[in-house]
Amino acid sequence: MTDLPEHPDFLWDNPEPKKAYDVVVVGGGGHGLATAYYLAKVFGITDVAVLEKGWLAGGNMARNTTIIRSNYLWDESSGIYEHSLKLWEGLEEDLGYPILFSQRGVLNLAHTLQDVRDSVRRVEANKLNGIDAEWVDAAGVKEICPIVNTSPDVRYPVLGATYQPRAGIAKHDYVAWGFARAAHELGVDLIQNCEVTGISTRDGRVTGVETSRGRIAAGKVGLCAAGHTSVLARLVGLDLPLNSHPLQALVSELLEPVHPTVVMSNAVHVYVSQAHKGELVMGAGIDSYNGYGQRGSFHIIEEQMAAALELFPVFARAHLLRTWAGIVDVSPDASPIIGLTPVENLFLNCGWGTGGFKATPGVGDVFAATIARGKPHEYAEPFTLDRFTTGALVDEHGAAAVAH
Amino acid sequence: MQLIPCPWCGPREEAEFHYGGQAHVAYPEDPAALSDEDWAKFVFFRANPSGPYAERWSHSAGCRRWFNAVRDTRTHDLLAIYRLDEPRPVTS
Ligand SMILES: Cc1cc2nc3c(=O)[nH]c(=O)nc-3n(C[C@H](O)[C@H](O)[C@H](O)COP(=O)(O)OP(=O)(O)OC[C@H]3O[C@@H](n4cnc5c(N)ncnc54)[C@H](O)[C@@H]3O)c2cc1C
Ligand SMILES: [Zn+2]
């Protein structure tokens, strides 16, 4: 017997789309649902539709490895990710729905002297931003997660790690369902099987969307389509500095509790946590090439498994149960793009790449504010589209080889 | 694993290749004349289509030569393989 909630297909209605809405949100993943929820809850804007081409939260929201943390290097990233982490901490109560948010901490391993220096720098930067962070040595890693192999005799020995105790995981489906239910109760229409195929404008201003279920007029349109945003933006002639790539994850069979925290290694490229039910959940890096096929290369999985086995020898006899891929949109500085576009009343939320799940409540709040006010929320200000022209990049990739 | 036909070596496993992103992105002819917007386009903006995409590959663990391919990004099907000095073939 488990404590998990019943299958919640009764949590929202499936209404017919109306002819017009104040706000149309494109994409029914975590970001779209959270945006709709905060639009209704914080700004009282309830004439909102979330349009989803497939089924609710069947995109990256259902495919990610659910790592939540805020230990980013730059102040701009700390701002938005820590805002999100604070919202996670009260989300279950706010939504009145279990999301199994488990603050079991995250270890980001360091394997080289340069890793160590970068890690210590990041810990100090985190502390300056009021974010919990510590540097732990190899013995400290062993204490927090006893199954990590800290032997010096491996190719990439563990020299230590950054540790963020407030980081953790949540059950992604429940997060989506919780937001969906709460948004629905506030009057938001959640419309599945409704693909946006066109965006209409008049005099440089958005007027609505064309969909597989007809035309829907809209005062404002917010894009929350993750890996597919380039395709949508092209519908209004807008180019974005994004490349969409397959990103894979996999799970083992159910095991006894063996892994008490989250362990990430950018150097050997594997991320591991143990799901509430017992599966080992593992992620790796993106496939190098662009792709929309929701299918990745096998050699990525081989490398990921090799890395996992060296770090966690006890996994040697675990069986792999499933692998899958999602499509993530990577920006040149590995930071998101949030804000206004050259088309009036058309708003962008994209470029979260491999790491947007942790932002779900934070970006929902910040994007809703940006849409409602027609100007960027303070946490969104650094993440404008024109930073690629001005050069004010938020280079998390260079700073922390960030993934997830 | 995907087989990629190197124009010089024939079909080899994907793991032997290195991806080089969008093909036919020419260095600006008159760099000094470019505006900030033009530079942003050249440095950061690439086509990201769902469908046929002209891109560069290097057979890095083989003959080490670069070539171009048109690949359907939805299916990973390689629709055309051609040399760097050849124009993009018509694929549909
Ligand atoms: C394997 C994997 C592991 C990951 N691990 C982590 C992690 O550990 N931690 C973390 O923070 N992040 C992680 N991520 C990234 C995270 O999942 C994404 O950044 C985040 O989910 C993106 O926001 P979203 O939830 O709204 O996207 P999605 O859930 O993908 O939502 C976008 C929705 O838009 C819909 N859509 C697209 N085009 C249209 C259209 N034309 N009309 C209507 N609807 C459309 C899609 O069907 C989709 O449901 C991971 C991603 C993957 C793939
Ligand atoms: Zn070759």
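Are any residues in the range B:61-78 more than 16 Å from ligand 2 (Cβ to nearest atom) and surrounded by fewer than 17 Cβ atoms within 10 Å (Cβ to Cβ), and if so, which ones?
Passing the criteria: B:R74, B:T75, B:D77.
Considering each of A:T46, A:T66 in turn, give the residue that is under 19 Å from the mean Cα position of the chain (by Cα) and either more than 16 Å from ligand 2 (Cβ to nearest atom) or more than 28 Å from A:D132 (Cα to Cα) (or both).
Answer to the selection: A:T66.
Output the number of residues of the range B:23-37 satisfying the condition of being assigned to a loop (DSSP other than H, G, I, E, B), open to solvent by 80 Å² or more (accessible area, probe 1.4 Å) and within 11 Å of chain A (Cβ to nearest Cβ).
0
If a residue has to be farther than 30 Å from A:L100 by Cα and either at pLDDT below 95 or among the aromatic types (F, W, Y) (or both) to count, how many in the range A:153-171 make the cut?
Total satisfying the criteria: 4.
Conditions: (1) modelled with pLDDT of 95 or more; (2) surrounded by 24 or more Cβ atoms within 10 Å (Cβ to Cβ). A:H404 meets all but one. Number of the miss?
So A:H404 meets the others, but not (1).
I need the full set of residues from the range A:81-102 which are in a helix (DSSP H, G or I) and either of a type in the set (A, V, I, L, M) or closer than 19 Å to A:W352 by Cβ (or both), in order please.
A:Y81, A:E82, A:H83, A:S84, A:L85, A:K86, A:L87, A:W88, A:L91, A:L95
May I ask you to list the residues in the range B:60-86 that are assigned to a loop (DSSP other than H, G, I, E, B) and closer than 15 Å to B:P7 by Cβ?
B:S60, B:G62, B:C63, B:R64, B:R65, B:R83, B:L84, B:D85, B:E86, listed by residue number.
Could you check A:P257 against (1) in a loop (DSSP other than H, G, I, E, B); (2) farther than 30 Å from A:I147 by Cα; (3) more than 14 Å from chain B (Cβ to nearest Cβ); (4) over 24 Å from the mean Cα position of the chain (by Cα) and say which number it fails?
Of the numbered conditions (1) in a loop (DSSP other than H, G, I, E, B); (2) farther than 30 Å from A:I147 by Cα; (3) more than 14 Å from chain B (Cβ to nearest Cβ); (4) over 24 Å from the mean Cα position of the chain (by Cα), the odd one out for A:P257 is (2).
Can you name every residue in the range B:38-59 that is more than 10 Å from chain A (Cβ to nearest Cβ), assigned to a strand (DSSP E or B), away from ligand 2 (no atom under 13 Å from the Cβ) and of a type outside the set (A, V, I, L, M)?
B:P52, B:R56
So, in the range A:60-73, of the ones that are near ligand 1 (Cβ under 6 Å from one of its atoms) and in a loop (DSSP other than H, G, I, E, B), which residue ends up farthest from the other protein chains (Cβ to nearest Cβ)?
That would be A:T66.
Any idea which of A:L186, A:L190, A:L128 is more than 30 Å from A:K18 (Cα to Cα) and in contact with a helix residue (DSSP H, G or I) (Cβ under 9 Å, 6 or more places away or on another chain)?
A:L128
In the range A:234-254, which residues are part of a loop (DSSP other than H, G, I, E, B) and crowded, with 19+ Cβ neighbours inside 10 Å?
A:L240, A:P241, A:L242
Picking from A:G178, A:G227, which residue would you name as being within 20 Å of the chain's Cα centre (by Cα) and more than 14 Å from chain B (Cβ to nearest Cβ)?
A:G178
Please find, among A:E82, A:E76, A:E89, the residue that is over 27 Å from A:F315 (Cα atoms) and open to solvent by less than 60 Å² (accessible area, probe 1.4 Å).
So the residue among A:E82, A:E76, A:E89 that is over 27 Å from A:F315 (Cα atoms) and open to solvent by less than 60 Å² (accessible area, probe 1.4 Å) is A:E82.
Every residue, every condition in (1) at positive phi; (2) in contact with a Leu (Cβ under 7 Å, 6 or more places away or on another chain), yes or no:
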site	(1), (2)
A:R181	no, yes
A:E185	no, no
A:D189	no, no
A:C194	no, yes
A:S200	no, no
A:D203	yes, no
A:T207	no, no
A:T211	no, yes
A:A217	no, no
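Given the options A:T162, A:T207, A:T201, name the one that is away from ligand 2 (no atom under 16 Å from the Cβ) and free of Cβ contacts under 8 Å to residues at least 12 places away in the same chain.
Selected residue: A:T207, the only one of A:T162, A:T207, A:T201 that is away from ligand 2 (no atom under 16 Å from the Cβ) and free of Cβ contacts under 8 Å to residues at least 12 places away in the same chain.
How about the range A:260-270: which of its residues are open to solvent by 10 Å² or more (accessible area, probe 1.4 Å) and not small (G, A, S)?
Across the range A:260-270, the qualifying residues are A:P260, A:N266, A:V268, A:H269.
Is it the case that B:E13 is more than 16 Å from ligand 1 (Cβ to nearest atom), exposed (fewer than 13 other Cβ atoms within 10 Å of the Cβ) and within 12 Å of another protein chain (Cβ to nearest Cβ)?
So B:E13 fails the test.
Condition check ((1) in contact (Cβ under 8 Å) with a residue 40 or more places away in the chain; (2) of a type outside the set (D, E); (3) within 14 Å of another protein chain (Cβ to nearest Cβ)) across all residues:
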site: B:I4; (1), (2), (3): yes, yes, yes
site: B:W8; (1), (2), (3): yes, yes, no
site: B:G21; (1), (2), (3): no, yes, yes
site: B:A61; (1), (2), (3): yes, yes, yes
site: B:R65; (1), (2), (3): yes, yes, no
site: B:L78; (1), (2), (3): yes, yes, yes
site: B:E86; (1), (2), (3): no, no, no
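Looking at the range B:16-33 only, could you name the residues that are over 18 Å from B:C63 (Cα atoms) and either within 16 Å of ligand 1 (Cβ to nearest atom) or of a type in the set (S, T, Y) (or both)?
Across the range B:16-33, the qualifying residue is only B:Y27.
Name the residue, out of A:A57, A:A34, that is in contact (Cβ under 8 Å) with a residue 40 or more places away in the chain, open to solvent by less than 40 Å² (accessible area, probe 1.4 Å), aliphatic (A, V, I, L, M) and part of a helix (DSSP H, G or I).
Just one listed residue meets the conditions, A:A34.
From the set of residues in the range A:306-319 that are touching a residue at least 24 places away in the same chain (Cβ under 8 Å) and out of contact with any strand residue (DSSP E or B) (no Cβ under 6 Å at 6 or more places or on another chain), which is farthest from the other protein chains (Cβ to nearest Cβ)?
A:V314
The values are calculated or read from the model by the stated rules, or taken from the named source; none is laboratory data. The shown structure was predicted, so the numbers you read here are calculated from the model rather than taken from an experiment. When we count neighbours, we look across all protein chains shown, and the Cβ atoms used for this are built from the backbone with ideal geometry, even at glycine. Ligands, DNA and RNA are excluded from the accessible area calculation, which covers all protein heavy atoms including side chains. Shrake-Rupley method; radii C 1.70, N 1.55, O 1.52, S 1.80 Å.
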